[in-house]
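The values are calculated or read from the model by the stated rules, or taken from the named source; none is laboratory data. Because the structure is a prediction, the values reported are computed rather than measured. Please note: Cβ atoms are built from the backbone with ideal geometry, for glycine as well, and neighbour counts cover all protein chains shown. Heads up: the accessible areas ignore ligands, DNA and RNA and are worked out on the full protein's heavy atoms, side chains in. Shrake-Rupley method; radii C 1.70, N 1.55, O 1.52, S 1.80 Å.
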Amino acid sequence: MTSRGDPAADTQELDAVFAETVRRTGASIGALYLLAPDEQLLWLDVLCGAPAEFAAPWARVSTAAPAPVAEAVREDRVVWVGSQEEMARSYPRTAMVLPYPLALVAAPVTGARRWGVLLLMWPATRPPYMTGRERGHIASRCRRLARLLQEADEHGGTPARGALPRVVPTGTGHRSASPATAAADFVERLPGGSCALDLEGHFTYLSSGACRLLGSEAGQLLGTLPWQSLRWLDDPAYEDRYRAAVISREAVSFTACRPPDQWLEFHLYPDASGISIRIVPSGAQPPPVPAPRWSTHTVTPTRAGRLYQLTHLAAGLTEVVGVQDVVDLVADQIMPAFGAQGLVLSTADGGRLRINGHRGYAPHTIERLDALPLDTDFTPAGHALASGIPAFFSDPEEMRRIYPEAPLISGKQAWAFLPLIISGRPVGICILSYDSPHEFPAEERAVLTSLAGLVAQALDRARLYDTKHELAHGLQQALLPRTLPRISGLRVAARYLPATRGMDIGGDFYDLIRLGDTAAAAVIGDVQGHNVAAAALMGQVRTGVHAHATLGTAPDQVLARTNRLLTDLGPDLFTSCLYVHLDFARRRATLASAGHPPPLLRLPDGDTRPVDVTPGPLLGIDPDAVFPLTEIPLTPGGLLVLYTDGLVETPTVDLDDSIAHLAHHLAHADDRDLDLLIDELLRKASATEQRTDDVALLVLQHGTGR
């Protein structure tokens with residue numbers, strides 16, 4: 001029993017139940033992610049079966065990320081990945097940093113509220129599917145974890161987030177407390193072996209034969225990491241083999257050369273308590289060029305963990321779209337990966353550094369730092385950007401010697417100024433800062449410098465995207481009517497939405513034209529394509545229709561004359577169009593269509609159906625085309641909905657079925673607010689499919705007395 005209100009006891013019970021869950025499910029590795037208060041982020045709270053360093057790339061995961069744990073909490077469902085092939089197919093970004101044969105499940109931990117996600121991983125030797133019993137057991141354990149988190153919250157708060165996750169043992173096997181007990185573990189795992197590592201990679205046992213082959217005494221190696229105590233093993237490729245053994249729980253082998261020319265084979269046999277290693281001389285021939293001897297000036301290679309972290313962050317940067325996406329990714333993943341508490345991301349614009357995003361700074365500080373000239377001496381940013389050389393300051397005194405005013409501005413205690421350069425062209429600068437003094441080892445500086453190049457590429461692409469998007473949006477808005485005229489006896493609402501994929505300009509348009517005191521015209525159309533040519537043609541079509549309509553031309557002739565204009569222009573793009581003439585005096589509507597989807601009519605009694613309009617051909621094909629007329633009554637309270645095909649066209653679904661579904665939704669929609677009615681139609685139409693085409697929507701309601 002735990003005492004009520006004791007956070008430490010609550011945490012101990014949570015850890016125990018979590019470890020028991022990992023053990024009972026037979027998983028080799030387990031992780032418990034908790035949802036941040038704003039529900040935008042998952043942070044790793046408890047880990048089992050692997051060192052905390054392994055989890056660095058996934059210590060914080062955005063709930064919007066394309067990752068199994070994010071999808072599990074986002075969609076409140078169990079996510080099962082049965083093989084590495086399935087991982088690469090469904091979650092390529094995750095597969096890049098987990099390139100090992102494995103299976104995993106991510107299950108939401110949900111009770112009275114969403115708490116987080118339980119992640120379990122197995123070696124690939126297990127069946128590539130889950131039984132119903134396994135699913136039920138995992139769901140039961142998730143409910144129990146949710147209850148414990150609820151109780152902890154009631155007693156005094158959920159567990160406090162630490163810099164690293166808590167690592168707990170599963171209870172299968174035991175930690176090697178001394179070389180003697182480690183040797184006993186080794187004998188149980190592998191007869192005749194030579195040395196053993198714990199799961200963190202430290203030597204726990206070495207035989208005399210291992211010491212002879214490795215060229216070091218046991219006392220010099222016990223408790224150390226092989227790639228730190230044996231310089232000739234200080235290569236990310238060898239550390240990667242160890243990581244593969246820990247994560248996959250499968251035997252791994254590799255060959256390494258002990259200088260000057262002795263080749264050794266290493267065979268790793270992992271389990272839940274550690275790794276047994278057999279070392280034997282190899283018959284492999286040395287490479288044509290002798291392996292270099294180590295000297296005191298040799299640069300230490302980047303650790304494999306850092307390389308995986310860099311790969312993970314690089315994969316994330318390839319997915320960002322706009323500048324704000326870059327800022328968010330740097331803040332959510334790069335900052336915590338390097339322990340930073342502050343961020344300023346600026347771009348070079350007009351001879352000044354314009355701040356695009358920041359974290360961990362007060363508004364008045366950002367106001368003081370924004371728009372500094374590129375050659376500023378106030379902070380190291382200008383010099384770093386001009387020289388292209390990163391600048392690192394481990395404490396305020398180091399900064400103060402060169403830039404005396406800089407430490408006073410923000411109160412930060414350490415800084416990394418990373419210039420963002422592409423082919424010699426300055427893009428901007430990324431500044432990571434720390435609330436306490438921070439050393440920057442050579443390895444960390446190398447990784448940050450490499451990362452700066454990736455951020456520069458992503459930021460440059462994002463700026464181009466944002467510029468093009470703003471241009472497209474501005475042009476589109478200029479071609480569409482800014483406001484619709486107020487017409488007595490007619491309620492109107494309209495909406496234009498660009499496609500959800502890409503940022504090109506669309507050719508959809510709508511218009512409402514006043515024709516005296518007792519008539520009006522409603523128009524909707526769709527020019528083929530999603531580019532500047534389509535938008536330009538859309539502007540010409542809308543202008544032509546408007547000009548002919550205001551002359552009092554009949555609906556069929558409005559389309560016929562616009563059609564002749566387009567065929568004369570020869571744009572090689574086709575246009576659909578629906579023209580509706582509203583005669584309030586006669587309470588009649590006359591329609592003419594050029595290959596456009598039929599409008600929907602909802603009568604006051606709720607009866608809703610497509611209007612039976614006989615369409616003519618698309619505009620711009622046949623200069624002598626005829627456009628038949630259709631006449632319907634204008635009933636007070638009736639709704640007429642004009643739309644483009646982007647609202648109803650869905651791959652593999654018949655168009656008539658899609659229109660029927662839209663009519664069904666319209667029949668049950670509330671028409672008290674036409675803008676809310678449009679929102680409802682758009683929500684229903686895109687509930688299961690992503691839009692790949694633009695949408696224009698125009699809703700008309702004849703006088704209802706409201």
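Residues that are under 22 Å from Ala667 (Cβ atoms), touching a residue at least 60 places away in the same chain (Cβ under 8 Å) and not hydrophobic (A, V, I, L, M, F, W, C) are absent from segment 554-575 altogether. Applying the condition of being over 19 Å from Asp694 (Cα atoms) and not hydrophobic (A, V, I, L, M, F, W, C) to segment 625-653 and asking which residue is most open to solvent (accessible area, probe 1.4 Å) yields Glu631.
Select from segment 172-204 the residues that are at pLDDT 85 or above and assigned to a loop (DSSP other than H, G, I, E, B) and write down the one among them that is least open to solvent (accessible area, probe 1.4 Å). Only one residue fits best here, namely Gly201. If you filter segment 84-98 down to residues that are more than 17 Å from the chain's Cα centre (by Cα) and surrounded by 17 or more Cβ atoms within 10 Å (Cβ to Cβ), you find that the one that is modelled with the lowest pLDDT is Leu98.
Which one is surrounded by the fewest Cβ atoms within 10 Å (Cβ to Cβ), of the residues in segment 367-378 that are part of a loop (DSSP other than H, G, I, E, B) and out of contact with any strand residue (DSSP E or B) (no Cβ under 7 Å at 6 or more places or on another chain)? Filtering first and then ranking leaves Asp375. Scanning segment 504-543 for residues that are open to solvent by 10 Å² or more (accessible area, probe 1.4 Å) and at pLDDT below 85 yields Asp504, Ile505, Gln528, Gly529, His530, Asn531, Val532, Ala533, Ala536, Gly539, Gln540.
Within segment 302-331, if we keep just the residues that are open to solvent by less than 30 Å² (accessible area, probe 1.4 Å) and not in a helix (DSSP H, G or I), the residue that is modelled with the highest pLDDT turns out to be Gly322. From the list Arg401, Arg445, Arg425, the one residue that fits, being surrounded by fewer than 16 Cβ atoms within 10 Å (Cβ to Cβ), among the charged types (D, E, K, R) and in contact (Cβ under 8 Å) with a residue 40 or more places away in the chain, is Arg445. None of Ile366, Ile334 is modelled with pLDDT of 90 or more and aliphatic (A, V, I, L, M) except Ile366.
Go over the candidates Asp45, Asp38, Asp10 one by one and state the one that is in contact with a His (Cβ under 8 Å, 6 or more places away or on another chain) and over 27 Å from Tyr129 (Cβ atoms). I'd like the intermediate steps shown before the answer.
Working: Asp45 fails: in contact with a His (Cβ under 8 Å, 6 or more places away or on another chain); Asp38 fails: in contact with a His (Cβ under 8 Å, 6 or more places away or on another chain).
From the options Asp45, Asp38, Asp10, the qualifying one is Asp10.
Within segment 464-488, being at pLDDT 85 or above and either surrounded by fewer than 17 Cβ atoms within 10 Å (Cβ to Cβ) or touching a helix residue (DSSP H, G or I) at 6+ places or on another chain (Cβ under 8 Å) (or both) holds for Pro485, Arg486, Ser488. Looking only at segment 396-413, filter to residues that are among the hydrophobic types (A, V, I, L, M, F, W, C) and under 20 Å from Gln341 (Cα atoms); which one of those is modelled with the highest pLDDT? It comes out as Met399. Condition check: at pLDDT 85 or above and under 30 Å from the mean Cα position of the chain (by Cα). Does Gly428 satisfy that? Yes: the conditions hold for Gly428.
Return the residues of segment 568-606 that are within 39 Å of the chain's Cα centre (by Cα), closer than 16 Å to Glu649 by Cβ and surrounded by fewer than 22 Cβ atoms within 10 Å (Cβ to Cβ); say none if nothing qualifies. The answer is Phe574, Pro598. Beta carbons closer than 8 Å, at least 6 apart along the sequence or on distinct chains, pair a first residue in segment 512-527 that is closer than 10 Å to His546 by Cα with a second that is of a type in the set (Lys, Arg) for Val523/Arg542. Would you check if Leu420 is part of a helix (DSSP H, G or I), closer than 25 Å to Glu398 by Cα, under 29 Å from the mean Cα position of the chain (by Cα) and at pLDDT 85 or above? For Leu420, the condition - part of a helix (DSSP H, G or I), closer than 25 Å to Glu398 by Cα, under 29 Å from the mean Cα position of the chain (by Cα) and at pLDDT 85 or above - is not met.
Name every residue in segment 237-260 that is among the basic types (Lys, Arg) and open to solvent by 50 Å² or more (accessible area, probe 1.4 Å), in order of residue number. Give the derivation first.
Of all residues in segment 237-260, those among the basic types (Lys, Arg) come to 241, 243, 249, 258.
Passing the criteria: Arg241, Arg258.
Of the numbered criteria (1) outside any helix (DSSP H, G or I); (2) out of contact with any Pro (no Cβ under 8 Å at 6 or more places or on another chain); (3) among the charged types (D, E, K, R), the one Arg133 fails is (1). The residue pairs whose first member lies in segment 638-657 and is more than 26 Å from Leu582 (Cα to Cα), whose second member is aliphatic (A, V, I, L, M), and whose beta carbons are closer than 7 Å, counting only pairs six or more residues apart or on different chains, are Glu649/Leu655; Leu655/Val648. Evaluation of Ala139 against the conditions (1) modelled with pLDDT of 85 or more; (2) among the hydrophobic types (A, V, I, L, M, F, W, C); (3) buried (at least 17 other Cβ atoms within 10 Å of the Cβ) shows that the sole unmet condition is (3).
Against the list (1) modelled with pLDDT of 90 or more; (2) surrounded by fewer than 17 Cβ atoms within 10 Å (Cβ to Cβ); (3) hydrophobic (A, V, I, L, M, F, W, C), the condition Trp263 fails is (1). When Ala146 is tested against (1) without any contact (Cβ under 8 Å) to a residue 40 or more places away in the chain; (2) surrounded by fewer than 15 Cβ atoms within 10 Å (Cβ to Cβ), just one condition goes unmet, and that condition is (2). Evaluate the following for Gly351: is it modelled with pLDDT under 90 and surrounded by fewer than 20 Cβ atoms within 10 Å (Cβ to Cβ)? The answer is yes for Gly351.
Of the set (1) surrounded by 14 or more Cβ atoms within 10 Å (Cβ to Cβ); (2) more than 16 Å from Ala494 (Cα to Cα); (3) over 34 Å from the mean Cα position of the chain (by Cα); (4) of a type in the set (D, E, K, R), all apply to Asp656 but (1). Under the condition of being part of a loop (DSSP other than H, G, I, E, B), within 27 Å of Cys48 (Cβ to Cβ) and in contact (Cβ under 8 Å) with a residue 40 or more places away in the chain, the residues counted in segment 205-257 number 3.
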